[in-house]
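Visitor: Following this message is one structure expressed as structure tokens.
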Amino acid sequence: MVVGALGDGGEDHATVALARGLRDTGMEVVHAGRSSLERLADTVVQEDVDAVGLPVLPADPAERLARLAALLADRGVDDVVVFACGADAELPGGIRFFPPGTAPAEVAGWLRGQLIGEPPRSPGP
């Protein structure tokens, strides 16, 4: 999967935390850093990933996530799961939101279910 940030700095820490947390659950993660929507969509295509995740700050309009989905569709990508973590926001249809404090294992379990039909794993001791 690709994890990246769309904003201008506030979500850098959240992006790194998300990438590390998902990596620690055994997922392969490409950290795209801070980039434009177009560059993030290009990274998704280049890396041929199954999912793309973004931290969302309260100021992030849902239109940015909808635009990412549209850019992916323009590039012929219609099988990538899009999800967001962070501030409560109205997200466009088809994009899953995880509230602040969601454990990476919970996000990874949901992703596995979406991508390979694997039931969510119970967190370890």
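Every number here is computed from the coordinates shown, using simple stated rules; none is lab data. Not measured: the values here are computed from a predicted model. A quick note on method: Cβ atoms are made from the backbone with ideal geometry, for glycine too, and the neighbour counts reach across all protein chains shown.
Visitor: Could you order the peptides 20-26, 96-102 from most to least packed, using the average number of other C-beta atoms within 10 Å per residue?
Guide: Sorting 20-26, 96-102 by mean packing, highest first, produces 20-26, 96-102.
Visitor: For the ranges 29-39, 104-114, what's the packing order if you count other beta-carbon atoms within 10 Å of each residue, average per peptide, and put the highest first?
Guide: So the peptides 29-39, 104-114, ranked by packing, come out 104-114, 29-39.
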